[in-house]
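The values are calculated or read from the model by the stated rules, or taken from the named source; none is laboratory data. Keep in mind the model is a prediction, meaning the values are calculated, not measured. Reconstructed Cβ throughout: ideal geometry from the backbone, glycine too, with neighbour counts over all protein chains shown. Ligands, DNA and RNA are stripped out before the accessible areas are found, and what is left, the full protein with its side chains, is counted by its heavy atoms. Shrake-Rupley method; radii C 1.70, N 1.55, O 1.52, S 1.80 Å.
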Amino acid sequence: MKEKKEIIARPDKKIYREGNTVVKMFGTSYSKADILNEALNHARVEETGLKIPQLLGVSIVEGRWSITTEWIEGRTMQEVMDENPERLPELMEQFVDLQLTVHKQRAPLLNKLKDKLNRQISSLKEELDATGRYELHTRIEGMPRHNKVLHGDFNPSNIIVQEDGTCYILDWSHATQGNGSADAGRTYLLFSLQDEKIADLYLDVYCRKADTARQYVQQWLPIVAAAQLTKHRPEETEVLKKWADVFEYQ
Ligand SMILES: Nc1ncnc2c1ncn2[C@@H]1O[C@H](COP(=O)(O)OP(=O)(O)OP(=O)(O)O)[C@@H](O)[C@H]1O
Ligand SMILES: [Mg+2]
């Protein structure tokens, strides 16, 4: 038997390394469909040829649904950023280049971002009133329709940097197809919840490299903030509700 080395242990998820594989074990809060959807998304993205760990199996381990992928040797880009703050500008360029490489791909069978966002917003009956939800649905419908592969949770902890600089992108549970600016809006939101300055640096680099107007990414912010409310993290609720208020942005 190969030794199991724990990477992450949360109440509802356990990730460990076993030989040259990584096993992600899900708790009962995940439905069978959630897990199969993550595996299917991963498989669809693997077909694009992007550098991502190979999906090796979906199974029941110790009574829990699990996804097994190839182990990628290296450190997360988050770790590299934290340990070398002076390298942040250079790493941010690399981070955005990677995101734009994802957006260049096409995977016509992935779920559509707009469908996912509309579903998420419809579920927020406690957090947003009918008027607020209506505004967000209308805004989604008004956004240009694109079909780029979107990671959906693109942040430095989902990137493994190898010794020679090669990067692998992990965690395709939120992958969809749609508008690249929405994906950038979500990344900006994730950075903002941690550090405003780093978020601003990200948005500058993204808009320059993608040749996109800041306002265009900003139009997605109320929508991606509302979507983040579905995670029900009490420490984020107040700020997300403000962001999701369309009228504050006009
Ligand atoms: N294939 C892999 N090779 C090396 N390390 C991995 C691999 N998969 C996961 N890891 C490590 O485990 C961490 C968490 O993995 P992952 O991002 O897939 O799960 P997660 O963040 O819990 O998912 P979610 O964002 O849905 O909560 C990564 O940041 C990375 O350090
Ligand atoms: Mg992750």
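Rolling a 1.4 Å probe across the protein heavy atoms gives the stretch 39-104 an accessible surface of 51 Å² per residue. Averaging over all projection directions, the Cα-based convex hull of the stretch 4-70 occupies 4.5 nm² in the image plane. In summary, the aspartates and glutamates within cross-link reach of LYS24, defined as a Cα separation below 18 angstrom excluding same-chain residues under 8 places away, comprise GLU3, GLU6, ASP12, ASP34, GLU38, GLU46, GLU62, GLU70, GLU73, ASP153, ASP171. Computed extension length for ARG214-SER31: 62.1 nm, one decimal, from 0.36 nm per residue of separation with the Cα-Cα distance subtracted. Here LYS231 is the anchor, and the aspartates and glutamates within straight C-alpha reach of less than 12 Å, apart from those fewer than 8 places off in the same chain, are GLU127. Computed from the C-beta positions of ARG75 and LYS197 and an R0 of 35 Å, the FRET efficiency is 0.95 to the nearest 0.05.
Only helical runs count toward this figure. For the chain, summing -39,500 (n - 2.57) over DSSP H runs of n ≥ 4 and dividing by all residues gives -14000 deg cm²/dmol at 222 nm.
How much FRET efficiency would the formula 1/(1 + (r/R0)^6) give for GLU18 and SER123, where r is the Cβ-Cβ distance and R0 is 25 Å, rounded to 0.05?
On the way: r = 36 Å, r/R0 = 1.43.
After rounding, the FRET efficiency stands at 0.10.
Extension gain for TYR134 to THR237 (0.36 nm times residue separation, less C-alpha to C-alpha distance): 35.1 nm.
Residues within the reach of a label modelled at LYS51 (point 7 angstrom out along Cα to beta-carbon, backbone nitrogen below 20 Å), restricted to the stretch 84-112, are 84, 87-106.
Taking every alpha-carbon pair in the stretch 75-249 and binning the separations at 10 Å intervals from zero gives 10, 39, 36, 14, 2, 0 percent.
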